[in-house]
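Okay, structure first, notes after.
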Amino acid sequence: MVIVEDLYDIYGTLIAKKGERITQHLIKRVKNMPKKNKKRAAMKNTFIYRDVKKTIHDPRYRIIFDEGHIKKAKILKIAGNTFFEDGIIKELAYMKKNLPYTYKHELIVGSLTIKMTLALKAHRLNSRTASYGAFTHDIGKNRIAKKVLSKPTALTVKEYEFIRTHPTIGFLLLVRYEKKKDSRSAITAYQHHERLDGTGYPNGLRKISIYAQLVAANDILDALLAKRPYRKESFKLRVALDYLLEEVEAKRLNRDAVYALISFARKDKPEINELKVSLRKRGKSPKGNVYGKLVHAVYHW
Ligand SMILES: [Fe+2]
Ligand SMILES: [Fe+2]
């Protein structure tokens, strides 16, 4: 993977030059660059928290965030106690202004991922690590031209390849801002388009961080439910969940993550190990979509 344009952090410092390869050496260099603003803030003390509170009431997600035994207040508490470095808060402010659709998507995927970690108790996940990574997974899109991201017509090969650099860009930005040594959220950004069968990008990995696997399922769900410039209608929740199930059957997505979403979408909110899933009843994707085309669109950004 090569950097396609000079990459700057939000303070205007050059992080990586056009044409540079992503190597351990480059990652180490970015990690060791002097930090610009060492301040961190709990999300609850920022505009992001107010926006999450609104987003969690999005009518498309009513049933999903509907109470059950995992309350909205619990999700908000974990989100609110997630600490972000100053650079990340500034990136999200920039995204809110320039890419409002992507910003809202970050907030939905963040909230869903927290809920998932609370449902998947057996995995012993750290909800705050998940929260940090999920709320920032698409931060790399801040460096992709808006006219490319929202292009209603087919992309050129160059544009398509450019969009597909967003996990790598996001990874480098997070490595740049994060103070923690393990950078698990940077890895979530890096791996959220990888698929368990090795068909994802940027590296075609089969061994993917569990946090990136959860984000991947939520990422696709929100892409299907959203109105996008490249398709007329969004998916109904039921049809979107069927699509995710097919991805589990094809061994591309994490089964427990998708089962958790199905459980959230049921009124009785069954435990995941008690969930009965019918593989027969399939709904139809919205009119005006060629399924293959849509898969292509969903899959690649
Ligand atoms: Fe993405
Ligand atoms: Fe995303």
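When residues in segment 83-93 are screened for being assigned to a helix (DSSP H, G or I) and out of contact with any helix residue (DSSP H, G or I) (no Cβ under 6 Å at 6 or more places or on another chain), 4 of them pass. Restricting attention to segment 107-125 and to residues that are within 14 Å of ligand 2 (Cβ to nearest atom) and of a type in the set (Gly, Ala, Ser), the residue that is surrounded by the most Cβ atoms within 10 Å (Cβ to Cβ) turns out to be Gly110.
Could you please find all residues in segment 35-65 being charged (D, E, K, R) and without any contact (Cβ under 8 Å) to a residue 12 or more places away in the chain? First the steps, then the outcome.
Let us first name the residues in segment 35-65 that are charged (D, E, K, R), namely 35-36, 38-40, 44, 50-51, 53-54, 58, 60, 62.
Within segment 35-65, Arg50, Lys54, Arg62 meet the criteria.
Checking the structure you have, find out if any residue of segment 87-106 is surrounded by 18 or more Cβ atoms within 10 Å (Cβ to Cβ), over 25 Å from Leu26 (Cα atoms) and hydrophobic (A, V, I, L, M, F, W, C). Yes: segment 87-106 contains one or more residues that are surrounded by 18 or more Cβ atoms within 10 Å (Cβ to Cβ), over 25 Å from Leu26 (Cα atoms) and hydrophobic (A, V, I, L, M, F, W, C). Residues in segment 221-276 that are free of Cβ contacts under 8 Å to residues at least 12 places away in the same chain and touching a His at 6+ places or on another chain (Cβ under 8 Å): 0 in all.
Condition check: away from ligand 2 (no atom under 16 Å from the Cβ) and either surrounded by 14 or more Cβ atoms within 10 Å (Cβ to Cβ) or closer than 20 Å to Phe171 by Cβ (or both). Does Arg128 satisfy that?
Values: away from ligand 2 (no atom under 16 Å from the Cβ): yes; either surrounded by 14 or more Cβ atoms within 10 Å (Cβ to Cβ) or closer than 20 Å to Phe171 by Cβ (or both): yes.
Considered against the rule, which asks whether it is away from ligand 2 (no atom under 16 Å from the Cβ) and either surrounded by 14 or more Cβ atoms within 10 Å (Cβ to Cβ) or closer than 20 Å to Phe171 by Cβ (or both), Arg128 comes out as yes.
If you check Thr156 against the conditions, is it under 15 Å from Ile22 (Cα atoms) and either of a type in the set (Ser, Thr, Tyr) or more than 15 Å from ligand 1 (Cβ to nearest atom) (or both)? When the stated conditions are applied, Thr156 does not pass them. Please work out if Lys179 is away from ligand 2 (no atom under 15 Å from the Cβ) and free of Cβ contacts under 8 Å to residues at least 12 places away in the same chain. Judged against the criteria, Lys179 is not a match. Taking the criterion of being at pLDDT 95 or above, part of a helix (DSSP H, G or I) and of a type in the set (S, T, N, Q), the residues of segment 183-221 that qualify are Thr188, Gln191, Gln213, Asn218.
The values are calculated or read from the model by the stated rules, or taken from the named source; none is laboratory data. Every value quoted in this text rests on a predicted model; they were computed, and no experiment measured them. Positions of Cβ are generated from backbone atoms using ideal geometry, with glycine treated the same way; all protein chains shown enter the neighbour counts.
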